[in-house]
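Coordinate-derived values only; no laboratory data. Owing to the predicted nature of the structure, the values given are computational and were not obtained by experimental measurement. Note: ideal-geometry Cβ built from the backbone for every residue, glycine included; neighbour counts use all protein chains shown.
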Amino acid sequence: MTREVLTFAFRGLAANKLRSGLTTLGILIGVGAVILLVAVGNGSSKQVQQNIERLGTNTLTVTPSTSRGGAGARGGGGGFARAFGGGGAPGAGAQQQTGPRTQAHDLTVDDARAMADASAAPSVKSVSPVVNASSANAAYAGTSHAIQQFVGTYPTYFEASNDPIDRGTYFTNDDVLNDRKVVVIGQTVNEDLFGTVDAVGKQITVNGVNFTVVGVLKTKGSSGFQDADDVAIAPLPAVQESLTGYGALNQIVVQAKTPKTVDAAQSEITDILNQRHGITGSNTADFQIMNQATLQSAISSSSKTFTVLLGAVAAISLLVGGIGITNIMLVTVTERTREIGIRKAIGAPRGAILGQFLVEATVLSLLGGLLGVAAGVIGSEFKVVGVKPVIVPSSIVLALGVSVAIGLFFGSYPANRAAKLRPIEALRHE
Amino acid sequence: MTVLDVRDVTKVYGEGGTAVQALRGVSLAVEQGDYVAIMGASGSGKSTLMNILGCLDVPSSGRYLLDGTDVGTLDDRRLAIVRNRKIGFVFQSFNLIPRMSALANVELPLAYGGVKAADRRRRALAALDRVGLSERVDHEPNELSGGQQQRVAVARALVTAPALLLADEPTGNLDTRSTADVLEVLDGLNAAGRTIVLITHEDDVARHAKRVIRLVDGLIVDDRRRTHVDEPPPGLVGLR
């Protein structure tokens with residue numbers, strides 16, 4: 001008899017195609033939204049994680065503290081810090097910014113050297129002082145390109161900031177010591193200036209100074225507002241001499257020996273800088289240290305909240321879809337009261353009537369659920385507001401399961417009402 | 001053998017001051033093979049009696065034995081089985097299920113009775129043949145005339161080979177020609193031994209029955225036998 005009940009249910013659904021279709025659409029949207037929005041949340045958290053990993057996981061970034069509050073290490077991570085305009089005039093300029101502090105020190109190469117001291121900072125693997133040139137116009141054979149970040153640093157920077165090379169080589173310590181004008185460029189700079197020509201060995205002019213390209217970095221991709229490939233990295237002295245002047249450093253990138261020693265390294269360099277800058281308990285530090293691992297966990301927890309929020313909104317639409325099923329099934333039962341009466345009069349047991357309407361409701365929601373999964377999966381193939389959604393498999397299972405449960409739950413009330421009808425009353429119904 | 005035995009049945013609708021006594025104590029026994037017409041003006045309680053006989057409604061008091069079983073003691077599930085196996089019901093307004101072919105409509109009671117698909121089809125086709133509609137098995141109710149629809153309904157009522165065929169004004173919505181068709185089918189069924197109880201307010205229809213009962217205000221006032229139970233129905237004799 002199960003087969004007959006199924007047949008009756010499908011026949012009932014087919015009799016009202018538009019109504020069945022619209023009800024299905026309600027569930028489709030609910031399930032699709034759950035899958036897609038959870039995928040978007042997941043995708044954006046993955047993207048943020050990738051951006052952070054791209055900066056290197058066991059690195060610390062020391063920057064001068066320019067604001068009063070100082071301690072709060074906010075503002076988007078190392079990628080931003082890199083972009084901040086190059087240091088202004090040394091000494092005087094820095095003192096003006098300090099406000100209430102008795103005396104603020106800039107970050108210097110000597111600071112960096114002190115951090116590299118193996119006895120004072122045993123957890124530190126490498127220290128790279130960094131300056132950023134504010135405006136760097138590069139030119140090659142008639143084409144020119146404004147480089148977003150022109151970085152002057154030491155070779156250790158490449159490893160610390162996780163910048164693998166594509167062609168050519170990094171510059172060396174020798175290049176730094178001998179003040180050579182060599183540069184490693186990012187993919188965007190490479191494509192803009194050289195196109196298909198091999199850049200390695202060519203001379204480019206940066207703000208009137210000639211640099212020789214020794215290497216091209218691998219593509220990193222854009223991170224939010226900024227193209228991480230629109231970058232050029234040259235030895236520190238060469239950049240200071242030709243572009244920024246011998247002023248303060250913009251940042252010092254410190255690489256810990258292992259991810260586990262990052263925290264130890266942070267406290268070691270904090271001690272060193274406190275000592276060198278004369279900072280005691282009551283004074284506010286004139287530098288701040290950004291810890292990538294801390295940043296990562298903070299961001300991943302906030303993106304989890306974001307995902308849950310999106311999922312909750314979608315779940316509400318699924319609930320609304322479920323109420324739609326109840327509504328439409330109630331209409332169906334009322335409309336077919338007479339038919340129910342006939343079926344009962346010729347001996348349909350209660351279970352058969354109950355089953356028929358439950359199956360109708362469940363088929364509606366299951367169909368909507370399956371189509372919703374398809375819609376969610378297809379929708380996830382596209383970028384949503386700049387985020388590539390990454391599907392969470394459990395969200396598919398959950399959404400499908402919930403949609404079937406919704407059919408059973410929201411369908412059971414109308415189905416029960418149909419099954420409980422007394423045949424004589426149902427038959428009298430017009 | 002007694003197919004149907006009603007003992008002092010009453011039926012009250014509503015409560016208190018507005019209560020309406022539809023049946024005031026009806027006792028009635030119907031033998032197997034009988035052909036009974038219940039007549040009465042509207043409001044006489046004949047439809048109420050019919051619904052009770054068809055197990056669609058329950059009496060307020062009294063007992064009702066169908067084929068020896070006291071229907072009042074049965075639960076919902078058993079009652080459904082009784083309606084399915086022992087009773088065939090024909091309604092005034094046909095009550096076929098729309099958008100289902102005549103064959104599917106006739107198969108329906110068998111489907112609920114758990115009969116296998118092939119067997120079901122064979123029996124439904126035989127029943128439709130019996131009422132002279134073997135040409136129209138695939139037509140849906142809205143493609144059939146009133147008389148044809150009612151004959152499909154008769155086929156649906158007899159397909160389970162029930163002990164009792166109940167017909168509630170089966171010709172009430174039909175023209176003369178269709179009325180004759182349907183009555184001919186009923187007469188034939190009775191001649192073949194089927195027990196039939198029908199409600200009507202037309203004397204022409206009642207003339208086909210072997211026994212005529214008149215109801216007035218919920219009481220039997222007249223119970224007249226026209227032909228012996230074992231003889232063929234008067235409709236067949238008279239028409240020949």
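For A:VAL209 and A:GLN49, the FRET efficiency from 1/(1 + (r/R0)^6), where r spans their Cβ atoms and R0 equals 41 Å, is about 0.60. Amide H to amide H, with H built 1.01 Å from N, B:GLU31 comes under 5 Å of B:VAL3, counting only residues 5 or more places away or on other chains. What is the spin-label model distance, in nm, from A:LEU408 to A:ALA120 if the labels are put 7 Å beyond Cα along the C-beta direction? Output for this residue pair reads 6.8 nm.
Note on the protein assembly as shown: dipole from Cβ charges, positive end direction compared against A:PRO389, A:GLY245, B:LEU108; the farthest Cα belongs to B:LEU108.
Taking 19 Å as the cut-off for C-alpha to C-alpha distance, list the pairs among A:LYS304/A:LYS388; A:LYS218/A:LYS304; A:LYS344/B:LYS86; A:LYS46/A:LYS383 that go past it.
Values: A:LYS304/A:LYS388 16 Å; A:LYS218/A:LYS304 30 Å; A:LYS344/B:LYS86 14 Å; A:LYS46/A:LYS383 14 Å.
Beyond 19 Å between Cα atoms: A:LYS218/A:LYS304.
Residue by residue through B:86-94, how many Cβ atoms from other chains fall within 10 Å of the Cβ on average? If you can, show how the numbers build up before the last one.
Working: counts 1, 3, 2, 6, 0, 4, 0, 2, 1.
Mean shielding by partner chains, rounded to a whole number: 2.
Applying 1/(1 + (r/R0)^6) with R0 = 22 Å to the Cβ-Cβ distance of A:LYS218 and A:VAL197 gives a FRET efficiency near 0.75.
Computed from backbone phi, the HN-Hα couplings of segment A:387-401 come to 10, 7, x, 10, 5, 8, x, 5, 5, 5, 4, 5, 5, 5, x Hz, rounded to whole numbers (Karplus: 6.51 cos²θ - 1.76 cosθ + 1.60, θ = phi - 60°; Gly and Pro given as x). Between amide H atoms placed 1.01 Å from N, distances below 5 Å from B:VAL216 occur with B:VAL221, all of them 5 or more places distant or on a separate chain. Counting Cβ atoms of other protein chains within 10 Å of each Cβ in A:336-345 and taking the mean gives 5. Residue by residue, segment B:85-93 carries 3J(HN,Hα) couplings of 9, 9, 10, x, 10, 10, 9, 4, 9 Hz when phi is fed to the Karplus relation 6.51 cos²θ - 1.76 cosθ + 1.60 (θ = phi - 60°); x denotes Gly or Pro. Taking a straight line from the alpha carbon of A:LYS257, these lysines sit under 17 Å away, with near neighbours fewer than eight places off in the same chain left out: A:LYS125.
Rounded, prolate or oblate, given the Cα gyration tensor of segment A:180-339, with a/c below 1.5 counting as rounded? Walk me through the numbers on the way to the answer.
Values: a/c = 4.41, a/b = 1.84, b/c = 2.40.
Note, shape of segment A:180-339 comes out oblate.
For the ranges B:78-86, A:1-9, B:223-231, what's the packing order if you count other beta-carbon atoms within 10 Å of each residue, average per peptide, and put the highest first?
On the way: B:78-86: 20.0, A:1-9: 16.6, B:223-231: 12.9.
So the peptides B:78-86, A:1-9, B:223-231, ranked by packing, come out B:78-86, A:1-9, B:223-231.
Helix B:146-158 and the long axis of chain B differ in direction by around 80°, with both axes built from C-alpha atoms. The long axis of helix A:292-335 is offset from the longest Cα principal axis of chain A by roughly 20 degrees. Protection proxy ranking, highest mean first, for peptides B:140-150, B:157-167: B:157-167, B:140-150, where packing is the per-residue count of other beta-carbon atoms within 10 Å, averaged.
Hey, what number do you get for chain A at 222 nm if only DSSP H runs of n ≥ 4 count, each worth -39500 (n - 2.57), divided across all residues, to the nearest 500? Don't skip to the end; give the middle numbers.
On the way: 15 runs with 226 residues, N = 430.
For chain A, the value works out to -17000 deg cm²/dmol.
The label point for B:GLU135 and the one for A:LYS257, both projected 7 Å from the Cα toward the Cβ, are 10.2 nm apart. The 3J(HN,Hα) values that the Karplus relation (6.51, -1.76, 1.60; θ = phi - 60°) gives for segment B:124-137 are, in residue order, 5, 5, 5, 5, 5, 5, 4, 9, x, 10, 5, 7, 10, 5 Hz. Gly and Pro appear as x.
Farthest towards the positive end of the charge dipole of segment B:22-138, among the residues B:ALA29, B:MET39, B:LEU133, is the Cα of B:LEU133, using unit charges on the Cβ of Lys, Arg, Asp and Glu. Amide H to amide H distances under 5 Å link A:ARG167 with A:VAL216, where only residues 5 or more positions off or on other chains count and H is placed in the peptide plane. Cα centroid distance between segment B:36-61 and segment A:360-409, in Å? Their Cα centres are 54 Å away from one another.
Partner chain Cβ atoms within 10 Å, averaged over the residues of A:348-360 - can you pull that number for me? Could you put the intermediate results ahead of the total?
Working: counts 8, 11, 4, 2, 3, 2, 0, 0, 0, 0, 0, 0, 0.
That works out to 2 on average.
Could you sort the peptides A:110-121, A:287-298 by per-residue average Cβ neighbour count (10 Å cutoff), highest mean leading? Show your work: numbers first, answer last.
Values: A:110-121: 15.7, A:287-298: 18.6.
Highest mean packing first, the order is A:287-298, A:110-121.
Note on the protein assembly as shown: along the principal axes its Cα atoms extend 133, 57, 35 Å, ordered by decreasing extent.
Relative to the longest principal axis of the Cα atoms of chain A, the long axis of helix A:350-379 lies at roughly 20 degrees.
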